[in-house]
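Nothing in this text is a laboratory measurement; each read-out follows from the coordinates by a stated rule. Here the structure is a predicted model, which is why all the values come from computation and not from measurement. Neighbour counts run over all protein chains shown; Cβ positions are idealised from the backbone, glycine included.
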Amino acid sequence: MTRLYLVRHGAVQAEGIFYGHLDVQLSAEGVAQLGRTAAALAALELAAVYCSDLARAAHSARLLAEPHGLQPVEDPAFREMNLGVLEGLGHEEARRSHPALAVKRYEDMWSFRFPGGENLQDIADRARPALADLLARHSEPHEAVALVAHNSVNRVLLGDALGLPLDRVFGFAQDFGCVNVVDYGGRTRVRLLNWTPGPLDPP
């Protein structure tokens with residue numbers, strides 16, 4: 001059995017814009033969120049910490065890895081969804097420039113691909129093999145690893161673990177800084193879903 005601690009990065013400095021592949025930074029609240037998550041997981045024995053190579057995930061992973069004396073391993077296969085022509089646009093600007101696209105809901109992305117961007121199937125096609133490789137590298141009994149990724153990536157991987165099709169993966173939350181726990185090996189089991197350590201939660 002390999003236990004995966006699947007974490008979403010913290011809140012970012014990108015309010016009001018589309019920022020899928022845009023390399024935005026963590027906000028002060030995002031740093032605080034990951035500080036709480038790191039403290040909550042500090043007592044674990046982690047063999048490795050992996051992350052997307054986007055700055056918000058990499059920074060979050062460094063905060064998570066620090067108590068364990070680990071250096072995160074970055075993998076672009078775990079990047080957030082590319083939003084194509086909307087990348088970097090403010091919501092108002094997007095509505096003016098691409099009115100038909102700007103009204104699309106994030107939940108439509110299992111079937112709809114923004115021009116120049118991706119949809120959930122594209123995420124699945126790159127993230128699933130990367131996760132399989134990660135798990136193969138950590139197949140010792142009771143080994144635990146962490147992966148810091150993004151909203152859409154987490155949903156695809158958790159949906160697979162729960163046996164959900166891609167059009168159902170918006171049926172649960174993935175808050176900034178949240179922790180999910182999945183056991184792989186024989187039978188896949190989701191042990192924890194969207195747990196966010198609060199300021200008063202014990203480590």
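Using R₀ = 25 Å, calculate the FRET efficiency as 1/(1 + (r/R₀)^6) where r is the Cβ-Cβ separation of Leu135 and Ser111; round to 0.05.
Numbers: r = 28 Å, r/R0 = 1.12.
After rounding, the FRET efficiency stands at 0.35.
In µm²/s, what is D for segment 2-195 at 25 °C and 0.890 mPa s, where D = kT/(6 pi eta Rh) by Stokes-Einstein and Rh is the Kirkwood radius from Cα pairs?
On the way: Rh = 16.9 Å.
D = 145 µm²/s.
For the chain, what does the helix formula give at 222 nm: sum of -39500 (n - 2.57) over DSSP H segments with n ≥ 4, over the residue count, nearest 500 deg cm²/dmol?
Working: 6 runs with 66 residues, N = 203.
For the chain, the value works out to -10000 deg cm²/dmol.
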Item to check | At R0 = 30 Å, FRET efficiency that the Cβ-Cβ distance of Leu164 and Glu29 yields, to 0.05 | outcome: 0.50
Item to check | Length released on extending from Phe172 to Arg96, taking residue separation times 0.36 nm less the Cα-Cα span | outcome: 24.2 nm
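Quick one: of the DSSP bridges fully inside segment 2-195, what percent are antiparallel, nearest 5? Can you show the working numbers first?
Details: 12 of 25 bridges.
Antiparallel bridges: around 50 percent, rounded to the nearest 5.
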Checklist entry - What longest range of the chain stays clear of loop-exposed GluC sites (Glu not before Pro) (DSSP non-H/G/I/E/B, at most 13 other C-beta within 10 angstrom)? => result 46-203
